[in-house]
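Student: Please read through the structure below; I'll follow up with questions.
The values are calculated or read from the model by the stated rules, or taken from the named source; none is laboratory data. Bear in mind the structure is a predicted one, so any value in this text is a computation, not a measurement. When we count neighbours, we look across all protein chains shown, and the Cβ atoms used for this are built from the backbone with ideal geometry, even at glycine.
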Amino acid sequence: MRINPTRMELLRTKKRTQLAKKGHKLLKDKRDGLMREFLKIVRDAKSLRAQVDELLHASLKHFMVAQASMLPEAVAIVREMQPYAISLAVSEKTMLGVTVPQFEVSLETSDEHIGVWETSRELDIALVSFQKLLPLLLQLATVEKTAELLAKEIEITRRRVNALEYVLLPQLQQVTKYIRMKLDEQERAAIMTVMAVKRNIQAER
Amino acid sequence: MNTTASPIAYIGPSGAGLGFALSGIAVAETDDASHALQLVKEWKANNSYQIIFMDEGLADPHLDAIRLLNEDSLPAIMLLPNPSKPTHTAAKNLQQLMIRAIGSDIFST
């Protein structure tokens, strides 16, 4: 251990220990807060994901049936059309120091309309179910992205907490103990020297 | 707040993108997972889309690369189940997130 066992160094180490303890407490609180938020979000994500999976499965099946019941040329024509225009607003929200994106979608009908005669009834059903699904998909995207970013932040914060708790704080405590022992030793040596000098002076008299 | 006209894309197997295309979402259809990954990389590099829906069948062979691409706040890459062969990768992803953050999946039991 290459430390100067001086009072200055002892004071500096004590200050560092205090700061590390404060940081440790703050990071622990942050980790706990993040975990609380994360658990809430994961619970939402799980139920939303199940709902979306079910709706998407049904909707895509409708589209498959619609495509199968239409002429390939009609499918190609319909594909080229854009009956809806989508626009997305992305904003950011800070959650315990983590910036998470928020998505808001708006669907507008354009001037192009799908012809009734060329398309099957299944296509209309599929389109209606897909329109219901889209806001849920966006909500799920927000929730899953938030969960992902929070998980990353929790991992980083947990590592920091552990580094402070199991590496830095024990190290600083060891350094403090070492300096104290050295200073005590120096003090005892000084007393012994004074006592020896006193004994010599008394012997000379 | 940033608003764009074509902010969402879907990448999936051939014939699966009709619903997305009709809803105004940009669609790329491919049956090659490597090509799909290449497209997602390009989109991310060019900042083309804010949300990318990806078929889990195409994402499965390159899941680690997709996870790396999804680490930034944008674009949000979201895996969607394949109607013909669902692999539930997205649900497994949530489980892995739980394990990464908490240490175990406490909701699985």
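Student: Looking at A:Glu204, is it among the acidic types (Asp, Glu) and either surrounded by 13 or more Cβ atoms within 10 Å (Cβ to Cβ) or at pLDDT 95 or above (or both)?
Tutor: no
Student: Let me ask you something else. Return the residues of the stretch B:87-109 that are more than 14 Å from A:Val52 (Cα to Cα), facing chain A (nearest Cβ under 7 Å) and assigned to a helix (DSSP H, G or I); say none if nothing qualifies.
Tutor: Passing the criteria: B:Leu94, B:Leu97, B:Met98, B:Arg100, B:Ala101, B:Ile102.
Student: Restricting to the stretch A:1-57, name every residue that is of a type in the set (Gly, Ala, Ser) and surrounded by fewer than 17 Cβ atoms within 10 Å (Cβ to Cβ).
Tutor: In the first step, residues of the stretch A:1-57 are kept if they are of a type in the set (Gly, Ala, Ser); the result is A:20, A:23, A:33, A:45, A:47, A:50.
Answer for the stretch A:1-57, where residues must be of a type in the set (Gly, Ala, Ser) and surrounded by fewer than 17 Cβ atoms within 10 Å (Cβ to Cβ): A:Gly23, A:Gly33, A:Ser47, A:Ala50.
Student: Within 14 Å of chain A (Cβ to nearest Cβ), hydrophobic (A, V, I, L, M, F, W, C), closer than 19 Å to A:Ser106 by Cα and outside any strand (DSSP E or B) - does that describe any residue in the stretch B:5-16?
Tutor: yes
Student: Can you give me the number of residues within the stretch B:71-82 that are in contact with an Asp or Glu (Cβ under 8 Å, 6 or more places away or on another chain) and modelled with pLDDT of 85 or more?
Tutor: The qualifying residues number 4.
Student: Then there's this: Sort out which residues of the stretch B:40-86 are farther than 13 Å from A:Glu144 by Cβ, polar (S, T, N, Q) and facing chain A (nearest Cβ under 9 Å), and write them in order of number.
Tutor: Matches in the stretch B:40-86: B:Gln50, B:Asn82, B:Ser84.
Student: What number of residues within the stretch A:67-103 are outside any helix (DSSP H, G or I), away from every other protein chain (no Cβ under 11 Å), more than 13 Å from A:Thr146 (Cβ to Cβ) and in contact with a helix residue (DSSP H, G or I) (Cβ under 8 Å, 6 or more places away or on another chain)?
Tutor: Adding up the residues that qualify gives 1.
Student: Sort out which residues of the stretch A:126-170 are over 30 Å from B:Gly103 (Cβ atoms) and basic (Lys, Arg), and write them in order of number.
Tutor: A:Lys132, the sole residue that qualifies.
Student: Right, next: Scan the stretch A:5-19 and tell me whether some residue there is not in a helix (DSSP H, G or I) and not hydrophobic (A, V, I, L, M, F, W, C).
Tutor: So far as the stretch A:5-19 goes, yes, one or more of its residues are not in a helix (DSSP H, G or I) and not hydrophobic (A, V, I, L, M, F, W, C).
Student: Need pairs with beta-carbon distance below 6 Å; first residue farther than 21 Å from A:Asp184 by Cβ and within the stretch A:6-22, second at pLDDT below 95 and assigned to a helix (DSSP H, G or I); sequence gap 6+ or separate chains.
Tutor: Matching pairs, first to second residue: none at all.
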